[in-house]
There are 2 protein chains.
Amino acid sequence: MKQYQLAVFLFSVVSSCLQAQTPTKKLEPVSFSQVTITDNFWKPKLDKVATTTLQACIYQTEDKTARIRNFEKVARKQNEKHEGIYYDDSDVYKALEAIAYSLKNHPDATLEKKADEWIDKIAAAQQPDGYLNTYYTLTDLSKRWTDMEKHEDYNAGHLMEAAVAYYNTTGKRKLLDVAIKFADHIDTTFRLQNRHWVSGHQEIELALMKLYHTTKNDRYLQLADWFLNQRGHGYGKGVIWDEWKDPKYCQDDVPVKEQKEITGHAVRAMYLYTGAADVAAATKDPGYLKAMNNVWEDVIFRNMYITGGIGSSGKNEGFSKDYDLPNEQAYCETCASVGMVFWNQRMNLLTGDAKFVDVLERSLYNGALDGLSLSGDRFFYGNPLASSGQHSRSEWFGTACCPSNISRLIASLGDYIYGQSDNGLWVNLFVGSNTTLKVGKNSIPVIMETNYPWDGKVKLTLNPAKSVKSAVHLRIPGWVKGVPAPGDLYSFTSNAPAKYEILLNGKPINYKEENGYAVLERSWRKSDVVELNLPMEVKRIAAKQDLTYTIDRIALQRGPLVYCVEGADNNGNAWNIILPENATLTTIKHNVLNEPVIAIQSKAPVITTTLNGAGVQTQQKEVIAIPYYTWANRGKNQMQVWLPTKVKEVKINSGN
Amino acid sequence: MKQYQLAVFLFSVVSSCLQAQTPTKKLEPVSFSQVTITDNFWKPKLDKVATTTLQACIYQTEDKTARIRNFEKVARKQNEKHEGIYYDDSDVYKALEAIAYSLKNHPDATLEKKADEWIDKIAAAQQPDGYLNTYYTLTDLSKRWTDMEKHEDYNAGHLMEAAVAYYNTTGKRKLLDVAIKFADHIDTTFRLQNRHWVSGHQEIELALMKLYHTTKNDRYLQLADWFLNQRGHGYGKGVIWDEWKDPKYCQDDVPVKEQKEITGHAVRAMYLYTGAADVAAATKDPGYLKAMNNVWEDVIFRNMYITGGIGSSGKNEGFSKDYDLPNEQAYCETCASVGMVFWNQRMNLLTGDAKFVDVLERSLYNGALDGLSLSGDRFFYGNPLASSGQHSRSEWFGTACCPSNISRLIASLGDYIYGQSDNGLWVNLFVGSNTTLKVGKNSIPVIMETNYPWDGKVKLTLNPAKSVKSAVHLRIPGWVKGVPAPGDLYSFTSNAPAKYEILLNGKPINYKEENGYAVLERSWRKSDVVELNLPMEVKRIAAKQDLTYTIDRIALQRGPLVYCVEGADNNGNAWNIILPENATLTTIKHNVLNEPVIAIQSKAPVITTTLNGAGVQTQQKEVIAIPYYTWANRGKNQMQVWLPTKVKEVKINSGN
């Protein structure tokens, strides 16, 4: 046996061990409702969501579109017509869910009143048997539950998520009771009669798991698992797919536990695997974890953009083939990045591995956050990595999944910062905030202070009432390390690992590294201060050669933020810039509209025209790169994330 | 009333007069079966189709795919499974139709034997009541005629076209009788019972008209008209379109006679209007002509590429919005250009206006011909006007409409060259050929000799047995004229009208110009020679400013041929060339593989790299442009039709 064969053999033993492991949840989540955000970077965004984005959602829901009127019409029972699309109910629920989260960090009596008013309307539209769907009730109720593609269960799932969130913030049960009644109706109609139903758009699985954790009623766990098990047995044939529409589009080609590849519609996939991870954590079924590990690697190693965005193709709003990641044509739906945050959080809870939070952070700060304008009232549905200037944010969309999705994600940021268990506490994201974590029987109040992502200094103050022996896990972000994991699509061009520093009460402390965390085990006392200093130099990133669209190009990253060049900072152009490998990169304070950012600056060759446009030449000019999430806030503009290091090919005036 | 108001008023009077006109067919078509092609340009292509392209079609139909096996399975009645797609029968019929045309100019006993063999298999698969469709017969015959989207009538139409063509060439009736029996079955099933049926993919209308002209049986005319009249009344709702799929996709939003805009799937639209023009010519119904004039203007003035290609969007294989004509992303399906030839021929027959042949010629020599490789065995489904090098021709396609469509078009070229009527004869295309035209009661043998499109000299010899008074109509191509028609998308940058010359027996002759033709009225005698000399200088073309993708760009045209620059002739690049307005253009003899062509040459600024690729500059270099139809025959390659005249924007290494 040759050496490399041995290595392959050992690797496959290790990986099959990993795959066969029984999932025991390593971390318990910490609810947004227990976390107060004080962060310099995020708090203004949460406030913007509360004061502007949610107002836009309310305006669209109440005035501009018929979304809330459909509920009123159901209650009035006057045979009025349904307006809009069959999945529009979900937008109401998602806006409501976002309001619920927002009320925690930005209490607002008017918003809460609006939510209560909507909840009354929703409750009044529920049928006596628990069914709740304005599309079928206003068109033909006898046709309900006849078309798996019509998002009845998807809408139901968003109702449940909103209900749980609103209950968690306010303690009010009205919407929760509506959701429970509807969930019971669904359980009775399908699982208890073993009537097959393959969700055309997954969502209900993860929602049922929230309902399960909130009510502790086991039937919702069983129903979530039942929905997962419906897939891959051909029940969706001729209904949600047929010989001309690939079953992979909705991940219905093989049973979930046998899935190995990421396929199809990106948001459907993310919601599916989020629900599957939730079920795996509760049932300890190793099948789901094995499948998800394989699928996750397929996403990360072959199908994810540097922004954490996924789903490159607009045709199916999803995945095309491995390594097919065009930049200008990138679809990268905002909702898919939001889904990446959901799924990777669950994977982290399940495994205790920080690599999932590395991905979560990448999607959150880049692919997802880009979905919302700095002004808070404009949205991207797709998030391309290059633009000839054709892209601009919209006020709203016919299919309006993205605005409320990015709203609820930002408003629920508190869900993603910490983890806790009997053995210790986890810091996953670096966000200024206060919370109290439960470690075994002890409560540990925690204060995090930081100017992240602009600065790498994170200060954590622990305030247990009495001394507590416990392990503090600080995530050391993957971007700190110089060496890519095997299979990684992207790597820093410098292999020197950057150094980070951890101090306890101002002095160096011993710690071990485990699963991407620095683990500090000791007896913690009131006012203990842990300081983490992350190195924030600018990194050049190269992609694997398999990615044809990024050959001889680099991207820039600093901390978790991916950068781009935009015309607005560069004399109107962004496609004429060359950034040779030896160009010096410095950072400067900069403003994108009212957003203060750290920008990256370089003197680099820029192509300019000569002779009335009949020729060109290269000039050394100052080039500014800004955080990707801030682009497209200053009008239509050229933009690029991946910058050429040398010229192989030149295109003139190509709006193709 | 101000002057411009008067003008508008007069214009609308004129146009409503035009629209209200009763269509009386101005020209009778001349069948391919009456025309022998001898042309330097086309004859080798017809031979290539016979010797290579049809062999590829046969190989795919018999060996590589199950297309012919499905017919065998039906005849065997052993419950075997259908293979492939429900519209695959049509590929067999279209290949058969192409063989039929080909046998005329390239007799081939083996090919004819193959056709007879296929016809036997097709006939054996016909059901006793006339129904013939392998998909439904092999899956579930009870489900036939339940889904308007499943192309049963589309397949039937292609059967009829093949049957008529094969009968015209060979005089053999077997397939014609099969087609008649099937047509009768359809007529009985639908029209005679007034059972609504909106064709999901139009084709049967034009095919029925061919059957009508061949059999003279009025019921096929009535059935064609009935099919046209089914559209636009909502019968297709929930079947071929629904609230999520626009009825405009299949031109079912308003009745055909009320249609004003070109919409939806390009091939469906072309086949529809071809059938409508055929019916209008037979029934003299002014409604269709009015609609088609409006729709035609919408195509030509706002939605046609310079290549005569249409349908810019791959999403619906069709039209998007007015003026949305991207070059690299152009879909421009080969079949849609073939459809443009069909429709414009019918419009010319109906109106006697040469402007339709101008469009026909543009589509034929550029958008359509580009669909077939010079080798004859590779195909383009889409025909973009720019390429970063990602495009290459394929051996075949899953949906294989294009290969047999371009085959049958080229093989049936004889259909498009001449027209005839009681009053005279028409020369529409300049193609070396012999035929005998019927002018009133007289027969006039005609010989055309030319080296068109490379040379503008066309020699026509008339050989009536005795002196015949008649009008010879010579089309003076639109591209000869310097002034664009109002509304034209494209115009020559020089407004000086080029001069053409007409000689009779070597001496200048008087003629009048009418509807785009030079009309020579006299008594014609044996051996009269008419010589037409068309000016063949290179033309620069500019597009209307509404076309955003072509701003500050020009295209090159010589004769009917649109040109492009391809990397293969220009050091591997085509996107780095600037062609300033004052650049001198000359022509040279050139070869693209084995195809001798006239190329266009210029010394022009070309962008080249400096300093190991870290900078660029412009150098004067020799640039070669080749006829568009010859590109993509020398490997993957950059290509552009529209060349920048100045530099406004530069993109580096942009495979986007």
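The values are calculated or read from the model by the stated rules, or taken from the named source; none is laboratory data. The structure displayed is predicted, hence computed values, not measured ones. Virtual Cβ from ideal backbone geometry, glycine too; neighbours counted across all protein chains shown.
Remarks
- Selection of the range B:572-588 for residues being part of a strand (DSSP E or B), more than 9 Å from every other protein chain (Cβ to nearest Cβ) and either touching a His at 6+ places or on another chain (Cβ under 7 Å) or under 18 Å from residue B:541 (Cα atoms) (or both) yields B:586, B:587.
- For the range A:598-610, the candidate set comprises residues that are more than 12 Å from every other protein chain (Cβ to nearest Cβ) and polar (S, T, N, Q); within that set, the residue that is nearest to residue A:630 (Cα to Cα) is A:601.
- The listed residues are B:337, B:320, and the only one of them that is out of contact with any His (no Cβ under 6 Å at 6 or more places or on another chain) and farther than 19 Å from residue B:261 by Cβ turns out to be B:337.
- Residue satisfying all of: in the range B:549-571; touching a Pro at 6+ places or on another chain (Cβ under 8 Å) and within 12 Å of another protein chain (Cβ to nearest Cβ); nearest to residue A:654 (Cα to Cα) among these: B:549
- Residue B:595 being among the acidic types (Asp, Glu), more than 10 Å from chain A (Cβ to nearest Cβ) and within 30 Å of residue A:330 (Cα to Cα): no
- Some residue of the range A:108-123 being closer than 20 Å to residue A:154 by Cβ, of a type in the set (Phe, Trp, Tyr), outside any loop (DSSP other than H, G, I, E, B) and in the same structural domain as residue A:374 (by TED's automatic domain parsing): yes
- When A:631, A:642 are checked against the criterion of being over 16 Å from residue A:572 (Cα atoms) and either crowded, with 22+ Cβ neighbours inside 10 Å or more than 8 Å from every other protein chain (Cβ to nearest Cβ) (or both), A:642 stands alone in meeting it.
- Residues in the range A:431-451 that are buried (at least 23 other Cβ atoms within 10 Å of the Cβ) and either of a type in the set (Gly, Ala, Ser) or free of Cβ contacts under 8 Å to residues at least 40 places away in the same chain (or both): 3 in all.
- Restricting attention to the range A:578-592, the residues that are among the β-branched types (Val, Ile, Thr) and farther than 16 Å from residue B:614 by Cβ total 4.
- Counted as qualifying within the range A:254-365 are the helices (runs of 4 or more DSSP H) with 2 or more residues that are in contact with a strand residue (DSSP E or B) (Cβ under 8 Å, 6 or more places away or on another chain) and under 22 Å from residue A:541 (Cβ atoms), namely A:334-351, A:355-362.
- Restricting the range B:513-533 to residues that are in contact with a strand residue (DSSP E or B) (Cβ under 7 Å, 6 or more places away or on another chain) and not in a strand (DSSP E or B) leaves a set whose member that is farthest from the other protein chains (Cβ to nearest Cβ) is B:527.
- The range B:611-625 - residue that is more than 7 Å from chain A (Cβ to nearest Cβ) and at negative phi and, of those, surrounded by the most Cβ atoms within 10 Å (Cβ to Cβ): B:625
- Test for residue B:546: is it touching a residue at least 40 places away in the same chain (Cβ under 8 Å), among the charged types (D, E, K, R) and within 14 Å of chain A (Cβ to nearest Cβ): yes
- Qualifying residue in the range A:521-529 (condition: among the aromatic types (Phe, Trp, Tyr), under 21 Å from residue A:323 (Cβ atoms) and in contact (Cβ under 8 Å) with a residue 60 or more places away in the chain): no
- Residue within the range A:270-287 that is over 21 Å from residue A:338 (Cα atoms) and among the hydroxyl-bearing types (Ser, Thr, Tyr) present: yes
- In the range B:387-430, the residue that is surrounded by the fewest Cβ atoms within 10 Å (Cβ to Cβ) out of those that are touching a Lys or Arg at 6+ places or on another chain (Cβ under 9 Å) and within 14 Å of chain A (Cβ to nearest Cβ) is B:390.
- Single unsatisfied condition, residue A:137 versus (1) in contact (Cβ under 8 Å) with a residue 60 or more places away in the chain; (2) under 20 Å from residue A:88 (Cα atoms); (3) within 28 Å of the chain's Cα centre (by Cα): (3)
- Total residues in the range B:452-476 satisfying the condition of being touching an Asp or Glu at 6+ places or on another chain (Cβ under 6 Å) and surrounded by 19 or more Cβ atoms within 10 Å (Cβ to Cβ): the figure is 2.
- Output for the range B:319-364, where each listed residue is of a type in the set (S, T, N, Q) and within 14 Å of chain A (Cβ to nearest Cβ): B:320, B:327, B:329
- Screening residue B:95 on (1) touching a Phe, Trp or Tyr at 6+ places or on another chain (Cβ under 6 Å); (2) closer than 14 Å to residue B:411 by Cα shows it passes everything except condition (1).
- Test: residue in the range B:444-459 that is of a type outside the set (Phe, Trp, Tyr) and within 18 Å of residue B:352 (Cβ to Cβ): no
- Options A:497, A:484: the member that is surrounded by 15 or more Cβ atoms within 10 Å (Cβ to Cβ) and either in a loop (DSSP other than H, G, I, E, B) or modelled with pLDDT under 95 (or both): A:484
- Per-region count, the range A:435-476, residues in contact with a helix residue (DSSP H, G or I) (Cβ under 6 Å, 6 or more places away or on another chain) and modelled with pLDDT under 95: 0
- Residue within the range B:415-426 that is of a type in the set (A, V, I, L, M), assigned to a strand (DSSP E or B) and not assigned by TED's automatic domain parsing to the domain that holds residue B:40 present: yes
- Any chance residue A:407 is of a type in the set (S, T, N, Q) and in a loop (DSSP other than H, G, I, E, B): no
- Residue match in the range A:43-50 (condition: under 23 Å from residue A:426 (Cβ atoms), modelled with pLDDT under 95 and assigned to a helix (DSSP H, G or I)): no
- Qualifying positions in the range B:184-218 - buried (at least 17 other Cβ atoms within 10 Å of the Cβ), of a type in the set (Lys, Arg) and under 25 Å from residue B:170 (Cβ atoms): B:210
- For the criterion of being more than 14 Å from chain B (Cβ to nearest Cβ) and more than 26 Å from residue B:652 (Cβ to Cβ), residue A:474 passes.
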